[in-house]
């Protein structure tokens, strides 16, 4: 495999996105990262309210926006993100479209 | 601006009486307290209210075109209205142009804007409003949470207790504040599930004396009263309503007979003086604790006097290092 010359442009994969989301959610909710799994629901399993989700969104935009120009999360899409898996899939897709 | 003075960012468009009373209060604050102010909002509405417009000493205007209204969903408003007077005030603190912010608008949105722009103290999941409650003839109590976080977990109540206790040291000047959990009975088993689960966690908080009841508010006996934001706000509004009814009762009696009206000429000025301690404008607003910065929330119908006092509290929070003290208390657990 050739050496990566544009690290800042390489899209993140699902595993890396999941790791970032777990870390940020754990910080925001003051919970152990182990509680955050792909199947965790934001409201029932993690007690994440709308403010916590917006904290997560802004944290992701700050972190991922630095390495992927144009990355943003549409507020209208937030209602569709029920689980951590939904969020990972959504962020991976947005990253791909931003770099695409 | 003088670098040694504290600078307070004030949301000039927030509150029922904005911008007139807010700007008037901010201006008075620059004269009465050792502060400069950053006023955020529509410059064309703010400048005419200042004696020298945008060149008024001690005052900087930061233009913001949007306004967050009282009925907007807090988190969404704080995220989407980036050019609002509220978000601009929080942003001014984030960017170091001010050391504290004051807002009299949408309470939830003020909390959200402060949280998103300034961040949270590590170890605190949710901020809480710490409100001094007047105690006639005694030192004030601190009610926490006064309405910031409606749905709480037991762990959050324990966090509120630790923050409230540390804040009481600074604001109330109490060396070892006592802490009570607001419930529907003094016995340890009283309360709903939240309070029953919170009780053993609070037993690990220094100064915890057990459950207290609504009737203990305004009567001293305990320095810090801990509750969730929903119950805290209901308790506050209940007290306001009861006080208003009591005032109406007293003045009704004083106007009931010719003899009473004669007596009222002597008693009324004394009563008004004594009642000043109960005036929300005199309490100086409520500090939002748990934010990694200073944010003071004044009530929605704030007068210029309320803004002066809220600005004073904000400046004192900066000079006394409240946020650092809360961080230390949180780390110590």
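The numbers here are math on the coordinates, done by the rules we state, and not lab data. The structure displayed is predicted, hence computed values, not measured ones. Please note: Cβ atoms are built from the backbone with ideal geometry, for glycine as well, and neighbour counts cover all protein chains shown.
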Could you give the angle, 0 to 90 degrees to the nearest 10, between helix A:50-67's Cα long axis and the longest principal axis of the Cα atoms of chain A?
10
Space enclosed by the convex hull of the alpha-carbon atoms of the protein assembly as shown, per residue, Å³:
177
Averaged over A:30-39, how many beta carbons belonging to a partner chain fall within 10 Å of each residue's beta carbon?
1
Select from B:76, B:47, B:29 the residue whose mean-square fluctuation is largest in a Gaussian network model of chain B (Cα-Cα springs shorter than 10 Å).
B:76
Let me know the shape class of segment B:7-146, please: from the alpha-carbon gyration tensor, a ≥ b ≥ c as square roots of the eigenvalues, rounded when a/c is under 1.5, otherwise prolate if a/b is greater than b/c, or oblate.
oblate
Nearest 10 degrees is fine. How inclined is helix A:14-29 to the longest principal axis of chain A, computing both from alpha carbons?
40
What is the order of B:172, B:116, fewest Cβ neighbours within 10 Å to most?
B:172, B:116
For segment A:10-99, what class follows from the C-alpha gyration tensor (a ≥ b ≥ c being the square roots of its eigenvalues): rounded when a/c is under 1.5, otherwise prolate if a/b is larger than b/c, else oblate?
prolate
Take the alpha-carbon centre of segment B:275-333, take the same for segment B:188-245, and report the distance between them in whole Å.
20
Per DSSP helix of 4 or more residues, -39500 (n - 2.57); summed, then divided by the residues of the protein assembly as shown. What does that give at 222 nm, rounded to the nearest 500?
-14500 deg cm²/dmol
How many angstrom lie between the C-alpha centres of segment B:101-173 and segment B:29-57?
28
Ranking B:322, B:102 by Cβ neighbours within 10 Å, fewest first, what do you get?
B:322, B:102
Residues B:145, B:63, A:32 in order from fewest to most other beta-carbon atoms within 10 Å are A:32, B:63, B:145
At 1.002 mPa s and 20 °C, plugging the Kirkwood radius over alpha-carbon pairs of segment B:131-282 into Stokes-Einstein gives what diffusion coefficient in µm²/s?
129
Per-residue counts of other Cβ atoms within 10 Å, averaged by peptide: what ranking do you get for B:92-101, B:191-200, B:122-131, B:252-261, highest first?
B:122-131, B:92-101, B:191-200, B:252-261
Per 20 Å bin, what is the whole-percent P(r) computed from every C-alpha pair distance within chain B?
32, 54, 14, 0
When the gyration tensor of segment A:46-100 is built from Cα positions, what are the square roots of 5 times its three eigenvalues, in whole Å, from largest to smallest?
19, 12, 9
What's the angle, to the nearest 10 degrees (0 to 90), between helix A:84-99's Cα axis and the longest principal axis of chain A?
30
